[in-house]
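Participant: Once you've had a glance at the structure underneath, I'll fire off some questions.
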Amino acid sequence: MILDALSVLLLLLGLFFFVSGLLGLWRFPDTFARLHALTKADNLGLGLVMTGLLFQVPDVLWAIKFILVWLLALVASAVNAHLIAVFLHRQQEGHDESA
Amino acid sequence: MNLLDGLWGVLDLLLVAVLLLLAMAAVLSSDRRRSMMLFIVFGLVLALVWARLHAPDIALAEAAIGAGLGGALLMATLRRDTHQQTDQFPQHPVVLWGVGVLVMVLGTAIAWGLFSVLPTVEQTWRKGAAVDAQLAFSGVSHPVTAVLLNFRAWDTLLELAVLLAAIFGIRALGYVRSAYVTEVAFSQLAVWLVPLLILMAGYVLWAGAHSPGGAFQAGALLAGAGILLRLAGYSHAGLPTTRWLVRLGLVAGTGVFLLVGLGLLGWGQGFLHYPIAYAKWWILLIEMLATVSIGMTLTLAFMGGIPQKEAA
């Protein structure tokens with residue numbers, strides 16, 4: 001019962017971060033700020049959701065898989081955001097030089 | 001109907017609405033980059049829909065092949081495309097409308113065809129019962145794999161043959177032209193993600209015997225590793241550098257599938273009728289080689305030709 005309550009609490013908290021990330025993606029003025037909002041909120045949101053689900057797993061193997069999913073998402077989103085940011089940075093610099 | 005069922009109903013309706021909207025937006029967008037992105041998102045939502053329909057196998061395949069690899073292929077194509085980004089439809093409006101009407105008529109005909117089949121299917125609505133009854137003789141304990149590799153092995157053989165035909169066409173295009181500018185972040189990612197992907201491919205392949213997974217999903221993971229290596233600057237994307245090994249790998253899945261089928265025919269068992277005692281091992285052998293072939297095929301498809309220094 002306590003575990004269930006903890007799960008619900010963590011899931012709701014995770015949901016809050018997802019919604020904030022969404023709002024940031026929607027409302028922030030430039031791509032860098034949007035990337036920031038998306039990755040920060042997403043990673044934390046997913047982490048909280050996964051932690052919430054950890055209290056519901058039947059055995060350790062499930063837990064390992066959940067943590068693996070979170071870690072993979074972390075790495076993927078970090079690398080993605082980095083690539084997009086670098087591409088954008090270069091593009092802007094090139095633009096400034098030509099202007 | 002309790003509250004939770006109602007909630008799921010609303011969620012399902014939302015999913016279907018989003019799916020339809022994404023499909024329309026992807027087709028109607030005149031910006032290729034945008035329609036490609038929309039197509040990838042469409043694939044992911046479609047995977048969710050399959051998951052909701054209790055078809056995790058198809059959901060996995062859709063997410064990995066439809067959205068992931070399909071997206072990567074589209075992106076690679078877009079990258080080579082030096083023309084302008086926006087499509088100006090050169091066709092006459094009459095042609096466009098004609099095609100639109102034709103597609104709608106075809107769609108209606110297919111929907112009508114499916115609808116007219118429905119009542120007859122209803123008696124045996126879930127073929128699952130028949131599959132479950134035969135499952136013990138299939139050599140595997142997961143019904144989807146049993147259908148794919150045993151009861152309907154023909155279909156899977158032909159799917160592999162289609163992939164093989166596609167890669168013949170791609171290799172006919174000649175050598176891979178452009179190399180990618182490598183980001184350090186990618187090579188770092190590749191260092192520990194590629195081994196993990198290979199491990200996961202092995203797991204998904206093995207798990208296919210008793211739970212969702214199988215050759216196509218595992219092959220897609222291998223191809224993901226290949227594409228990652230390619231993006232990280234490895235000109236061969238982890239494929240063998242000797243030509244005959246590449247060819248052997250590409251043909252292995254279809255070839256061994258066919259050989260096993262013909263061998264069993266010669267043995268007096270009938271084409272692809274595995275003897276029950278050894279069914280599991282035949283299926284495992286075919287699936288393993290199919291995984292290698294699918295992985296290599298999809299990686300080469302992403303590269304778009306024969307690697308530059310493929311030794312004779």
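Participant: Which count do you get for residues in segment B:183-211 that are in contact with a Leu (Cβ under 8 Å, 6 or more places away or on another chain), open to solvent by 40 Å² or more (accessible area, probe 1.4 Å) and more than 11 Å from chain A (Cβ to nearest Cβ)?
Facilitator: So the count comes out to 1.
Participant: What is the residue count in segment B:219-246 for residues that are within 17 Å of B:ALA301 (Cβ to Cβ) and part of a helix (DSSP H, G or I)?
Facilitator: As a first pass, look at segment B:219-246 and keep what is within 17 Å of B:ALA301 (Cβ to Cβ): B:219-231, B:234-240, B:246.
Filter once more, so that each one left must be part of a helix (DSSP H, G or I): B:219-231, B:246.
Residues flagged as within 17 Å of B:ALA301 (Cβ to Cβ) and part of a helix (DSSP H, G or I) within segment B:219-246 amount to 14.
Participant: Sticking with this one: Looking at the structure I just gave you, is B:ILE294 farther than 16 Å from B:LEU160 by Cβ, within 18 Å of the chain's Cα centre (by Cα) and either of a type in the set (S, T, N, Q) or not in a loop (DSSP other than H, G, I, E, B) (or both)?
Facilitator: Working: farther than 16 Å from B:LEU160 by Cβ: no; within 18 Å of the chain's Cα centre (by Cα): yes; either of a type in the set (S, T, N, Q) or not in a loop (DSSP other than H, G, I, E, B) (or both): yes.
No: the conditions fail for B:ILE294.
Participant: Restricting to segment A:42-87, count the residues that are within 13 Å of another protein chain (Cβ to nearest Cβ) and either open to solvent by less than 60 Å² (accessible area, probe 1.4 Å) or in contact with a Lys or Arg (Cβ under 6 Å, 6 or more places away or on another chain) (or both).
Facilitator: 12
Participant: Name the pairs: first residue in segment B:38-61 and in the same structural domain as B:LEU20 (by TED's automatic domain parsing) and open to solvent by 40 Å² or more (accessible area, probe 1.4 Å), second residue aromatic (Phe, Trp, Tyr) and at pLDDT below 85, Cβ to Cβ under 9 Å, at least 6 apart or on different chains?
Facilitator: Qualifying pairs under 9 Å: none.
Participant: In segment B:139-159, which residue that is charged (D, E, K, R) and in a helix (DSSP H, G or I) is most open to solvent (accessible area, probe 1.4 Å)?
Facilitator: Here is the first cut: in segment B:139-159, the residues charged (D, E, K, R) are B:152, B:155, B:159.
Among the residues that remain, those that are also in a helix (DSSP H, G or I) are: B:155, B:159.
Working: B:ASP155: 64, B:GLU159: 87 Å².
Across segment B:139-159, the extreme among qualifying residues is B:GLU159.
Participant: If you don't mind, another one. Could you run through segment B:1-26 and say how many residues are of a type in the set (Gly, Ala, Ser) and either outside any helix (DSSP H, G or I) or in contact with a Phe, Trp or Tyr (Cβ under 9 Å, 6 or more places away or on another chain) (or both)?
Facilitator: First pass over segment B:1-26, keeping only residues of a type in the set (Gly, Ala, Ser): B:6, B:9, B:17, B:23, B:25-26.
Going one step further and asking which of them are either outside any helix (DSSP H, G or I) or in contact with a Phe, Trp or Tyr (Cβ under 9 Å, 6 or more places away or on another chain) (or both), we end up with B:23, B:25-26.
Of the residues in that region, 3 qualify.
Participant: Could we say that B:ALA166 is at negative phi, more than 14 Å from chain A (Cβ to nearest Cβ), part of a helix (DSSP H, G or I) and of a type outside the set (Ser, Thr, Tyr) here?
Facilitator: yes
Participant: Quick check on this structure: which one of A:PHE55, A:PHE32, A:PHE87 is more than 11 Å from the chain's Cα centre (by Cα), closer than 17 Å to B:ALA185 by Cβ and touching a residue at least 40 places away in the same chain (Cβ under 8 Å)?
Facilitator: A:PHE32
Participant: Considering only segment B:224-281, state which residues are farther than 25 Å from B:ALA61 by Cα, open to solvent by 30 Å² or more (accessible area, probe 1.4 Å) and β-branched (Val, Ile, Thr).
Facilitator: Answer for segment B:224-281, where residues must be farther than 25 Å from B:ALA61 by Cα, open to solvent by 30 Å² or more (accessible area, probe 1.4 Å) and β-branched (Val, Ile, Thr): B:THR241, B:THR242, B:ILE276.
Participant: Condition check: under 18 Å from the mean Cα position of the chain (by Cα) and open to solvent by 10 Å² or more (accessible area, probe 1.4 Å). Does B:LEU221 satisfy that? Break it down into steps so the answer makes sense when it comes.
Facilitator: On the way: under 18 Å from the mean Cα position of the chain (by Cα): yes; open to solvent by 10 Å² or more (accessible area, probe 1.4 Å): yes.
So B:LEU221 fits the description; yes.
The values are calculated or read from the model by the stated rules, or taken from the named source; none is laboratory data. The model shown is predicted, which means the values in this text are computed figures rather than measured ones. We place every Cβ from the backbone using ideal geometry, glycine too, and count neighbours over all the protein chains shown. Protein only, heavy atoms only, side chains kept; ligands, DNA and RNA dropped before computing areas. Shrake-Rupley method; radii C 1.70, N 1.55, O 1.52, S 1.80 Å.
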